[in-house]
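Input: a single structure, listed below in structure tokens.
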Amino acid sequence: MSVTRGGTTPHKRPDWPYPRWIAHRGAGKLAPENTLAAFRLGARHGYRMFECDVKLSADGVPFLLHDAALSRTTRGPARPAGASNLAGDHPWATLSQLDAGSWHSPTYAGEPLPTLANIAQFCLCNGHDLNIEIKPTPGTERRTGEVVAAHAARLWRGAAVPPLLTSFETDALVGARETAPHLPRGLLLDSLWTGWLEAAQALGCVAVVCNHALWDAASVMQAQSAGFRLLSYTVNDEGAAQRLIALGTDGIITDRVDLFSPDAA
């Protein structure tokens, strides 16, 4: 347990069932991100926990995709010329026909977008843990948090280790908290904006997930003393990883599944 400035009593930090090393979007950049192929490759490198991005189709199906737009990581005739480039504007019947692999390399041509249910089955069947980043299409933050949390609660019902739900969007975390309060949540930060610690507390989060450069001795002490677990993204340099371990943080999200052994301390 940490000590706080001024000698006040620190909060007890929650038990933490997750491993330190987390594979970013399945296998980082070694396979097409947020696909089952990436998860399988990350698992072959020994990773037992994965991070992925989840948003909603127009008809409410939670599926994996990072960007709001389809253009960077999908191809295919299922999306007609002139149709919206926003993933959230399309029903799952259309999105499921897209090629989410050929943008990366010919090896993965034809790899489909997976649903959250697909990823849950893979993780549960293989004993893997999952960090679900709730990644709403702009304007759907609250609803996306609600739907993703409801699906996660159903898919992981009775599981020994629940998924960790995280988001940059506080409204998404509000929706997740109100729908499935028993699922652990984490606030994602790309800056330590005014009130970040109070926001994480108000949202009932168990973790704060920062751009790794934001953690230093002061911010680590502040977050740990408030009772949070500390995670970092996206750590691809050995020196940065060692600095975070020395600071006493709890989780490292990395693209470099080929560089970092998930069994390392």
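Some notes on this structure:
- No other residue among Ala180, Ala217 is crowded, with 19+ Cβ neighbours inside 10 Å and more than 15 Å from the chain's Cα centre (by Cα) apart from Ala180.
- Verdict on Leu173 being surrounded by fewer than 24 Cβ atoms within 10 Å (Cβ to Cβ), touching a residue at least 24 places away in the same chain (Cβ under 8 Å) and under 21 Å from Arg25 (Cβ atoms): no
- Pairs, first in contact (Cβ under 8 Å) with a residue 12 or more places away in the chain and surrounded by 22 or more Cβ atoms within 10 Å (Cβ to Cβ) in region 60-76, second in a loop (DSSP other than H, G, I, E, B) and of a type in the set (Asp, Glu), C-beta under 7 Å, six or more apart: Thr73/Glu33; Thr73/Asp67
- When residues in region 115-161 are screened for being part of a strand (DSSP E or B) and closer than 24 Å to Cys210 by Cα, 6 of them pass.
- Being touching an Asp or Glu at 6+ places or on another chain (Cβ under 9 Å), more than 23 Å from Gly46 (Cα to Cα) and surrounded by fewer than 20 Cβ atoms within 10 Å (Cβ to Cβ) holds for only one residue in Leu197, Leu247, and it is Leu247.
- Across region 1-56, the number of residues qualifying as of a type in the set (Lys, Arg), at pLDDT 95 or above, under 25 Å from Val206 (Cβ atoms) and surrounded by fewer than 19 Cβ atoms within 10 Å (Cβ to Cβ) comes to 1.
- Among all positions in region 63-74, there is no residue which is over 24 Å from Arg143 (Cα atoms) and assigned to a strand (DSSP E or B).
- Condition check for Val148: at pLDDT 95 or above, surrounded by fewer than 18 Cβ atoms within 10 Å (Cβ to Cβ), under 22 Å from Ile22 (Cβ atoms) and among the β-branched types (Val, Ile, Thr): no
- Test: residue in region 138-146 that is of a type in the set (Val, Ile, Thr) and in contact with a helix residue (DSSP H, G or I) (Cβ under 6 Å, 6 or more places away or on another chain): yes
The values are calculated or read from the model by the stated rules, or taken from the named source; none is laboratory data. Just so it is clear, the structure is predicted and the values come from calculations on it, not from any experiment. Heads up, the Cβs are rebuilt from the backbone with ideal geometry, glycines too, and the neighbour counts pull from every protein chain shown.
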